[in-house]
Amino acid sequence: MSGRLQGKVALITGAARGQGRSHAIRLARDGADVIAVDICRDIDTVAYPLATEADLAETVSEVEALDRRIVAVQADVRDAEALGAAVRDGVAQLGGVHIVLANAGIGMADPSASEAQAFADQLAINLTGVWNTVHAAVPTMIEQAEGGSIVLSSSVMGLTGRIGGGSGGGDGYTAAKHALVGLMRNWARWLAPHDIRVNSVHPSGVRTPMVINEAMERFFPQAPEHGSEVGHLLDVTILEPSDVSNAIAWLVSDEARYITGVALPVDAGFSTP
Ligand SMILES: NC(=O)c1ccc[n+]([C@@H]2O[C@H](COP(=O)([O-])OP(=O)(O)OC[C@H]3O[C@@H](n4cnc5c(N)ncnc54)[C@H](O)[C@@H]3O)[C@@H](O)[C@H]2O)c1
């Protein structure tokens, strides 16, 4: 353990599996304690299963195996009150909150779902859920007066429209992920006087259940963010969750102490104009 995040507490949404779990383990390895939030149930308009209680329990045991503390809460990022309670519980048990990874998100919509509902769910989770997450933690971060770092999980679909749209789910995903750049910039200005930095990360396809699932295999030609479709400049088909965790571990560390307001692609060159 490098210990560079020793004494820090990280709120991570979507922490039961995929990138969120990878971030939790990586930050714990760097010394942070974790408040882990995940919905742990499926959503009708989403084409693949979301995480389970067992997934969240696995994140807990992997963080604890690193001798770090973790408070795990089943909550929906659409539910601001539940997020507030999770933060209060985490702060009471772990002593504060210094890092926020607004990572929870949904991808491919079920093709049989209503287009309008799929669009609405994308915005509710991938945009409003991020707003709820940050607002749940920021009052405590300001009150603590110890600075901090916030990272919003966007996507290459927050920087480009290159996968194309026309469906409720795809349009909603792209709209929400682009909107996160605006929020990130607003918040970087808002929170700089409190020494709280705000950045976004923009991965291309990452090997997680969001893209490695039966629905994606069935609808592969239309599917966004799948390796061979994406046009990486570097010789890689799909990134690993740890590739994104590495970037985030650096962004939230003091090594990046003067980096704020940045939209960082982690995309093997995909979004290079
Ligand atoms: N996998 C990719 O190719 C890729 C690429 C770019 C960006 N992203 C983004 O990265 C983030 C993490 O996704 P991932 O790849 O780890 O996928 P994933 O599906 O493995 O993980 C997402 C997690 O978020 C949780 N979640 C979903 N809706 C929630 C809600 N309403 N409240 C609380 N938790 C909720 C899920 O249960 C799941 O554990 C997402 O924001 C996603 O849009 C993913």
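Bear in mind that the values in this text are calculations on the coordinates, not laboratory data. Since we're looking at a predicted model, the values are computed, not measured. Every residue, glycine as well, gets a Cβ built from its backbone with ideal geometry; the counts of neighbours run over all protein chains shown.
Given contacts defined as C-alpha pairs under 8 Å and at least six residues apart, what's the relative contact order of the chain, whole-number percent?
19
Can you give me the angle between helix 53-64 and the longest principal axis of the chain, using Cα atoms only, in degrees from 0 to 90, rounded to the nearest 10?
Result, in degrees: 40.
Using only Cα atoms, what Kirkwood radius does the chain have, in angstroms? Spell out each step's value before the answer.
Working: mean 1/r = 0.0547 Å⁻¹.
Averaging 1/r across every pair of different Cα atoms and inverting gives 18.3 Å.
Would you calculate the volume per residue, in Å³, of the smallest convex hull containing every Cα atom of segment 1-48?
Hull volume over Cα atoms, normalised by residue count, gives 58 Å³.
Using a 7 Å offset from Cα along Cα-Cβ at VAL236, what residues in segment 16-43 end up with backbone N under 19 Å from the label point?
Counting backbone N atoms under 19 Å from the label point, the list is 18-27.
Between the helical axis of 129-144 and the dominant principal axis of the chain, each derived from Cα atoms, what acute angle in degrees is found, rounded to the nearest 10?
It works out to around 10 degrees.
Please compute the net charge surrounding VAL37, taking Lys and Arg as +1 and Asp and Glu as -1 over other residues with Cβ under 11 Å from its Cβ.
For residues surrounding VAL37, the net value is -4.
Taking the mean number of other Cβ atoms within 10 Å as a proxy for protection, how do you rank 4-14, 83-93 from highest to lowest?
Top of the packing list down: 4-14, 83-93.
Ranked highest first by average number of other Cβ atoms within 10 Å, how do 65-71, 124-130, 205-211 line up?
With the highest mean Cβ count within 10 Å placed first, the list reads 124-130, 205-211, 65-71.
Given R₀ = 30 Å, FRET efficiency for ARG88-GLU53 by Cβ-Cβ distance, to 0.05?
0.90
Roughly how many debye, to the nearest 20, is the charge dipole of the chain about its Cα centre, given +1 on each Lys and Arg Cβ, -1 on each Asp and Glu Cβ, and no other charges?
My answer is approximately 740 debye.
With θ set to phi - 60°, apply the Karplus curve 6.51 cos²θ - 1.76 cosθ + 1.60 along segment 258-273 and write out the HN-Hα couplings as whole Hz, x wherever there is a Gly or Pro.
Coupling constants for segment 258-273: 10, 9, 8, x, 9, 9, 9, x, 10, 8, 6, x, 3, 8, 4, x Hz.
How much of the DSSP bridge set in the chain is antiparallel, in percent, rounded to the nearest 5? If you can, show how the numbers build up before the last one.
Details: 1 of 29 bridges.
Of the beta bridges lying entirely in the chain, close to 5 percent run antiparallel.
Pairs of Cα atoms under 8 Å, at least six residues apart: use those to get the relative contact order of segment 1-149, whole percent.
On the way: 292 pairs, mean separation 39.9, N = 149.
Relative contact order here is 27 percent.
So what is the 222 nm mean residue ellipticity for the chain from helices alone, if each DSSP H run of at least 4 adds -39500 (n - 2.57) and you divide by all residues, rounding to the nearest 500 deg cm²/dmol? Provide the component values of the computation, followed by the final result.
Values: 8 runs with 104 residues, N = 273.
Helix-only estimate at 222 nm: -12000 deg cm²/dmol.
What residue among ALA192, GLN144, GLY170 has its Cα farthest toward the positive end of the dipole of the chain, where the charges are +1 on Lys, Arg and -1 on Asp, Glu, each on the Cβ?
ALA192
Listing TYR173, TYR48 from the residue with the fewest other Cβ atoms within 10 Å to the one with the most, what is the order? Could you put the intermediate results ahead of the total?
Details: TYR173 30, TYR48 18.
Going from least to most buried by this count: TYR48, TYR173.
Can you tell me the order of 98-109, 232-243, 141-152 when each peptide is scored by its average per-residue count of other Cβ atoms within 10 angstrom, highest first?
98-109, 141-152, 232-243
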